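Asker: Okay, here's the structure, questions in a sec.
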Amino acid sequence: MPMRDSSVHGGLLGSLARFALRRPGPILAVCAIVLALAGLMLWHGGRLSAGTTEGIESDSAQRLIERELSYPGDSSFVILLRGRDLAPGDPRFTAALTAALAPLRADTRVRSVLAPDDAPPLVVERLSAPTQRAAMAIVALRADFSTAAEQFPSLRDAVRSDVLDIGFTGNLPFRHDLNVANERDLLRAELISLPLALLVLLVVFRSAAAAALSVGIGALAVTTGIAIVTALSHFMDMAVYAINIATLVGLGVAIDYSLFIVSRYRDELAAGASLRDALVTAMTTAGHAVVFSGIAVAIGLGSLLFFRGSFLASMGLAAGIVVVLSVLAALTFLPAMLVVLGPRIDAGHLPLPRLIDSEGVWKRLANWVMRRPLLVLLPTLAFLLALGAPFARLTMAAADVHTLPHGIAARDVYEELRVAFPDQVRNRIQVVAKFPTRPALTTERVTALYDLGQRFLQLPGVAKFEGVVDSDSRLTRDFFEADAEMPDDWLPPDALRMRRLVAGESVALLTLVTDAAPASPEARAIVHAVRADPRVADGTLLVTGATAHDLDISEFTLARAPRAIGFIIVVTYVALFILLRSVLLPLKAVLMNLLSITASFGALVWIFQDGNLATLLHFEAAPIDPTVPTLLFCAVFGLSMDYEVLMLSRMREEYLRCGDNTWAVAEGLERTGRLVTSAALIMVIVFGAFAMASVVVVKALGVSLALAVALDATLVRVLIVPATMRLFGDWNWWAPRWLGGAGRGPASRG
């Protein structure tokens, strides 16, 4: 068999290894400084947002409402006040309510407080539920959402009563409790995944030092990455889920990368290489695979930048940062530590069994598959496609308070509010009329809005309309026309407050109320009907609300998905071609990744949309948040390359030595099979730990990623890869000489 190619000792990675051999101290000192700076950034905290999407109609309409009306927008919350033995209408209840809300009314950060003790008469009955002994108040803050989110806890704590039970729900409490739940989920996932990953590494390495080092790389990369993301949140919009995805991806890839390099290093030592040669060889082989694996993952996550203007871009940036740091840690901190440890890398030897201890088992499995490639390939493909079939009925809707489980305050208070004030929690589709001139309310415009509301009332599912005009039978067209002619200065204070809730200088608000759920086809049909003719008098209509937002987010995502997918496929193909110098192998890798993704997408719908396993995983079936399939596609496409790069790199190494495709595939799988199984198991553990998250979006991502990796590392890499490699034979390795290939194919074999 040919001698090892001496070129593996050259190049940048070899230089890094030799630098680590000469100067491990400075490398470790720099890493210590970076870690200290990360600690300072984490201590300083960040300003994570709910995540916005620029340029969509529903958000534009919401900004108009917030800017021109007293109507509460994103920077608002609802207070539910319950009397223990008192009910609205009782003077003692009113006095207690007024006293409880007094600190908010005196606070300069609060723009308005709408409550039964001083609301316009038409509003009072909507804010009181005497039979439920409950009242509600709606509080709007002056600041933008990020600042309001910081202010909310202190404002919440200022509302106190010895007579009334007080609860908070609405946008700010939901986002606050979501942040708290995410932080708790992250801590729980780390407390579960890191010890289990360490246990797997102990079984793989049978050395406490080697296992601890790999976990340390993961902790270093993720801690530093989260610190950078937190710091960036002060200067750019970073969604709260960015921390989750950074931790989710970072832990998995960082531990895997260190596993690849440390395993190759120890294998070389076991083969009799010196410490120096073992490190250089590990860096220029496994390190080479780590670089290209990192590139592949970064390509997948980088495609999220095609969703610029949305929170998806910030999540991709956050995860990309952690992946880059994982690669850098594996190529700098890890070799420096290996030099410092030297032969002590095997310290703490444990007499544990290997995951699969039998020598040659992977080679025998590969040969068994390659003797009957079609018999293995066709049923496996059919099974994966069957798993993906439920994806055809995907329904998407943005996360709301139902994302939180029962037991969290914002969700529980919302459920109480739904019982006490069923009309207030009905689905509301807000139609904003924007006019070219002031004032917004003229007789002609109000008449047109009233007629428009009457037309909307005929739409299936619309129960009533309210706002600048109202479908209340006690209020006629003549009433609204007369009201429009009344100058602000002539209106009583209550009537003026009522007007400013629904009309501004150049905008007017009309709200359609429906019992159809926000994500239902009936509610979406109403939005489509309103948008079909976006005109009223001389103004234009913009639609917002939960249903409109769901439609806009889905449309935004689907419109940009083809470019993102195209980018991933093309750039991944080019990167793999550079690594493998093959025309066919990168194409097969792309297609196999699509198989894994298809299967995980189908499982996502079957589990979380259809509600299967809901009892086991503790969630409520609901449409899928658009974030999840988008992130899943981009992340899985990159993560699947971890094993693809490692396996194919080793197969190519063997093929260049012997020129025998069948032998190279079997030997490559034998050399990497245990490593791939271990790396995949670690990722499944890390991702699976997030299945215990309380937030459904995070739970869905964790379960789907764990399943995708498990399928990819078993059915795809162990069965489909050897079968297709056998079917294509030497064509696997062919590329034209002018593209840097060996030009080797069936025709060139003598």
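Asker: With angles folded into 0 to 90 degrees, how steeply does helix 373-388 sit against the dominant principal axis of the chain? Use alpha carbons for both and round to 10.
Answerer: Between helix and principal axis, roughly 10 degrees.
Asker: Let me ask something else. Toward the positive end of the charge dipole of the chain, about the Cα centre and with charges on Cβ (Lys, Arg +1; Asp, Glu -1), which of Leu639, Ala347, Gly73 goes farthest?
Answerer: Selected residue: Ala347.
Asker: Right, here's the next one. On the protein heavy atoms, probe 1.4 angstrom, tell me the percent of accessible surface of the chain carried by carbon and sulfur. All intermediate terms of the calculation are to be shown ahead of the outcome.
Answerer: On the way: 18850 of 30150 Å².
About 63 percent, which is the carbon plus sulfur part of the accessible surface.
Asker: Let me ask another. Translational diffusion coefficient, Stokes-Einstein: compute it for the range 63-127 using the Kirkwood radius over C-alpha pairs as Rh, at 20 °C and 1.002 mPa s, and state it as an integer in µm² s⁻¹.
Answerer: Numbers: Rh = 13.3 Å.
Translational diffusion coefficient: 162 µm²/s.
Asker: Still on this structure: Could you report the accessible area of Glu620 in Å², rounded to 10, computed with a 1.4 Å probe on the protein chains as they sit in the structure?
Answerer: The accessible area of Glu620 comes to roughly 80 Å².
Asker: Another question, then. Rank Phe435, Leu558, Ala503 by how far each Cα sits towards the positive end of the charge dipole of the chain (+1 on Lys, Arg Cβ; -1 on Asp, Glu Cβ) and give me just the farthest.
Answerer: Leu558
Asker: State the label only: which of (1) 98, 52, 44; (2) 76, 64, 53; (3) 82, 71, 54 corresponds to Cα extents along the principal axes in Å computed from the shown model?
Answerer: From the options (1) 98, 52, 44; (2) 76, 64, 53; (3) 82, 71, 54, the structure gives (1).
Asker: Continuing with the same structure: Cross-link candidates for Lys363: which lysines have Cα within less than 30 Å, leaving aside residues fewer than 8 places away along the same chain?
Answerer: Leaving aside lysines fewer than 8 places away in the same chain, those within reach of Lys363 are Lys588.
Asker: Give the distance, in whole Å, between the Cα centre of the range 243-257 and the Cα centre of the range 336-415.
Answerer: 14 Å
Asker: Amide H neighbours of Asp515 under 5 Å, at least 5 residues apart or on other chains, H built in the peptide plane: list them.
Answerer: Residues meeting the criterion, in which the H sits 1.01 Å from N, are Ala463.
Asker: What per residue convex hull volume, in Å³, do the alpha-carbon atoms of the range 111-160 yield?
Answerer: Values: hull volume 4.9 nm³, N = 50.
It is 99 Å³ per residue.
Asker: Multiplying the sequence separation of Leu616 and Asp533 by 0.36 nm and subtracting their Cα-Cα distance, what value in nm do you get? Could the numbers behind the result be given before it?
Answerer: Numbers: separation 83, 0.36 × 83 = 29.88 nm, distance 4.64 nm.
Fully extending the segment from Leu616 to Asp533 adds 25.2 nm.
Asker: Right, next: Two decimals is fine: what's Rg over Rh for the range 190-310, C-alpha atoms, Kirkwood radius as Rh?
Answerer: Details: Rg = 16.8 Å, Rh = 16.0 Å.
Checking Rg against Rh, the ratio lands at 1.05.
Asker: Can you give the accessible area of Phe728, probe radius 1.4 Å, in Å² rounded to 10?
Answerer: 90 Å²
Asker: Treating the angle as unsigned and between 0 and 90°, give the value, to the nearest 10°, between the Cα long axis of helix 661-689 and the longest Cα principal axis of the chain.
Answerer: Tilt of helix 661-689: around 30 degrees.
Asker: Here's something else I'd like to know. Trp490 to Glu125: FRET efficiency via 1/(1 + (r/R0)^6), r the Cβ-Cβ distance, R0 22 Å, to the nearest 0.05?
Answerer: 0.30
Asker: Run down the lysines and flag those whose C-alpha is under 22 Å from the C-alpha of Lys464, throwing out any fewer than 8 positions away in its chain.
Answerer: Lys434
Asker: If amide hydrogens are placed 1.01 Å from N in the peptide plane, which non-local residues have theirs closer than 5 Å to the one on Asp625?
Answerer: Ala397
Asker: While we're here: Is there a quick way to get the dipole size of the chain? I mean about its Cα centre, with the Cβ of Lys and Arg at +1 and of Asp and Glu at -1; what is the value in debye to the nearest 20? Show your work: numbers first, answer last.
Answerer: Values: 65 positive and 67 negative charges, 669 e Å.
Charge dipole, the chain, about its Cα centre: 3220 debye, nearest 20.
Asker: Tell me which residues come under 5 Å, amide H to amide H, from Arg111 once H is placed; ignore anything under 5 positions away on its chain.
Answerer: The list, which skips near neighbours in sequence, is Ala140, Leu141, Arg142.
Asker: Please give the peptides 455-466, 374-385, 681-692, 493-504 ranked by average Cβ packing (other Cβ atoms within 10 Å per residue), highest first, as a rough proxy for protection.
Answerer: Details: 455-466: 16.1, 374-385: 14.5, 681-692: 24.2, 493-504: 18.6.
Those peptides, ordered most packed to least, come out 681-692, 493-504, 455-466, 374-385.
Asker: Angle between the Cα long axis of helix 627-658 and the longest principal axis of the chain, 0 to 90 degrees, nearest 10?
Answerer: Helix 627-658 sits at roughly 10 degrees to that axis.
Asker: Using θ = phi - 60° and the Karplus relation 6.51 cos²θ - 1.76 cosθ + 1.60, list the HN-Hα couplings for the range 200-205 in order, rounded to whole Hz, with x at every Gly or Pro.
Answerer: 4, 5, 5, 5, 5, 8
Asker: Could you point to the residue in Asn171, Ser214, Met236 farthest towards the positive end of the range 159-241's charge dipole, with +1 and -1 charges on the Cβ of Lys/Arg and Asp/Glu respectively?
Answerer: Sorting the options by dipole projection puts first Ser214.
Asker: Label points 7 Å out from Cα along the Cβ direction at Val163 and Ala273: separation in nm?
Answerer: 8.0 nm
Asker: A follow-up question, please. Can you compute the helix-only [θ] at 222 nm over the chain? Use -39500 (n - 2.57) per DSSP H run of at least 4 residues, normalise by all residues, nearest 500 deg cm²/dmol.
Answerer: Details: 26 runs with 456 residues, N = 750.
Roughly -20500 deg cm²/dmol at 222 nm, from the helical runs in the chain.
Asker: For the range 244-309, what mean projected area does the convex hull of the alpha carbons give, in nm²? Intermediate results must be reported in sequence, preceding the final value.
Answerer: Working: hull surface 19.9 nm².
Average of the hull's projected areas for the range 244-309 equals 5.0 nm².
Asker: Could you tell me the center-to-center distance, by alpha carbons, between the range 677-730 and the range 73-146 in angstrom?
Answerer: The distance from the Cα centre of the range 677-730 to that of the range 73-146 comes to 50 Å.
The values are calculated or read from the model by the stated rules, or taken from the named source; none is laboratory data. Being a predicted model, the structure only gives us computed values, none of them experimental. Heads up, the Cβs are rebuilt from the backbone with ideal geometry, glycines too, and the neighbour counts pull from every protein chain shown. With ligands, DNA and RNA removed, areas are computed over all heavy atoms of the protein, side chains included. Shrake-Rupley method; radii C 1.70, N 1.55, O 1.52, S 1.80 Å.
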